[in-house]
Amino acid sequence: MKFDITQMEYFVNIVECGFNLSLASKKIHISQSALSQFITNFEKEQQVDLFERKNGRLDSLTAIGQVIYEASQEIVREYQLLREKIEIEAGKHQGTIRVGLPSLILRFYFASFFTQIMLENPDIYIEVVEDGSIGLRKKLIDKELDLAVLIEPTNLDPNKFEQQIIQVDQMAAFMDIHHPLSEKVSIEWKDLKQYPISTFSKSFTTYDLVQERLEKEKLSGNILMFSSSWDYLVECTQQTDLITILPAPIKRYINKEKNIMRPINNYIPFNFYICRPSLPEHPILKEELYNRIIELFYQPVE
């Protein structure tokens, strides 16, 4: 069996994840069975045991496993540095910058921003990739993006990625303008107990945030529907008692003759970050775009 750089990365990640194959498989985006098969094949073909086992589970490294781990760790580190240097050099000759954003954030905050940047800098071409935060995070880790705007929590390794918060906001309740709760200036979670609720679908990071809070407030049984379309969710509240929980900035785009937004006390945060890989040096154009985004969008936390 050939022990190549990919397999070294597998091995190092297994150790760094505390010998937890489930956690390691999620971190490097391969199946747990593939990691198990890698271990089995290596130990069988090389006739060495990499791991000590306890109750059938990986527990620690053997003496030879420790030697191989330390060597693999060094090789992987040097390989990553080499790859980063190559990417930096290649980037100096490429004007394309790949930026990933959730559709809602792209529309609300960056609608004309990238066009203006390209008009001011003819040497730059910005390729915008739309996806949910979960999909964008994976693309950033897989080096398919140079920059990504991700909703908190980003779940990125702070040792491998730079993360700068650029907007601080909150989730709010949207409803029909004649809804009984529309008379309140702000609402409490307990006010929602007698009404059906909707929010974004599972592909959105906000789904987990809303679900967690609704479960805490014993409101998860009130959920009626999910959707990936915010405007559809808002329209569904019209002439009904349905309340949809969405990011507050959507208020700017609703039909104010039909819908209203009310803040929720003890709200769910809606914050997002500009994220990029941590590199010794970033290509000039990418560095300029990153700093421009921070300059224009960053809000100091009071």
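The values are calculated or read from the model by the stated rules, or taken from the named source; none is laboratory data. Predicted, not measured: the structure shown is a model, and the values here were computed from it. Backbone-built Cβ (ideal geometry, glycine too); neighbour counts: all protein chains shown. Note: areas computed on protein heavy atoms with side chains; ligands, DNA, RNA excluded. Shrake-Rupley method; radii C 1.70, N 1.55, O 1.52, S 1.80 Å.
A compact table of results
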{"quantity": "Whichever residue in segment 165-192 is touching a Phe, Trp or Tyr at 6+ places or on another chain (Cβ under 7 Å) and of a type in the set (S, T, N, Q) and, among such residues, is most open to solvent (accessible area, probe 1.4 Å)", "calculated": "Q170"}
{"quantity": "Complete set of residues in segment 225-240 that are under 22 Å from E188 (Cβ atoms) and surrounded by 15 or more Cβ atoms within 10 Å (Cβ to Cβ)", "calculated": "L233, V234, T237"}
{"quantity": "Residue in segment 149-165 that is at pLDDT below 85, farther than 30 Å from K258 by Cβ and among the hydroxyl-bearing types (S, T, Y) present", "calculated": "no"}
{"quantity": "Helices (runs of 4 or more DSSP H) wholly inside segment 1-69 that include at least 2 residues being farther than 28 Å from D142 by Cα", "calculated": "32-46"}
{"quantity": "Per-region count, segment 169-210, residues assigned to a helix (DSSP H, G or I), touching a helix residue (DSSP H, G or I) at 6+ places or on another chain (Cβ under 7 Å) and either of a type in the set (A, V, I, L, M, F, W, C) or free of Cβ contacts under 8 Å to residues at least 60 places away in the same chain (or both)", "calculated": "3"}
{"quantity": "Residues that are within 27 Å of I141 (Cβ to Cβ) and outside any strand (DSSP E or B), drawn from segment 112-128", "calculated": "F113, F114, I117, M118, I124"}
{"quantity": "Criterion: part of a strand (DSSP E or B) and open to solvent by less than 70 Å² (accessible area, probe 1.4 Å) - qualifying residue of R292, R276", "calculated": "R276"}
{"quantity": "Residue match in segment 97-111 (condition: surrounded by 15 or more Cβ atoms within 10 Å (Cβ to Cβ), more than 30 Å from I243 (Cβ to Cβ) and at pLDDT below 90)", "calculated": "yes"}
{"quantity": "Matching option when the condition is without any contact (Cβ under 8 Å) to a residue 60 or more places away in the chain, open to solvent by less than 10 Å² (accessible area, probe 1.4 Å) and within 11 Å of the chain's Cα centre (by Cα), among L140, L136, L145", "calculated": "L136"}
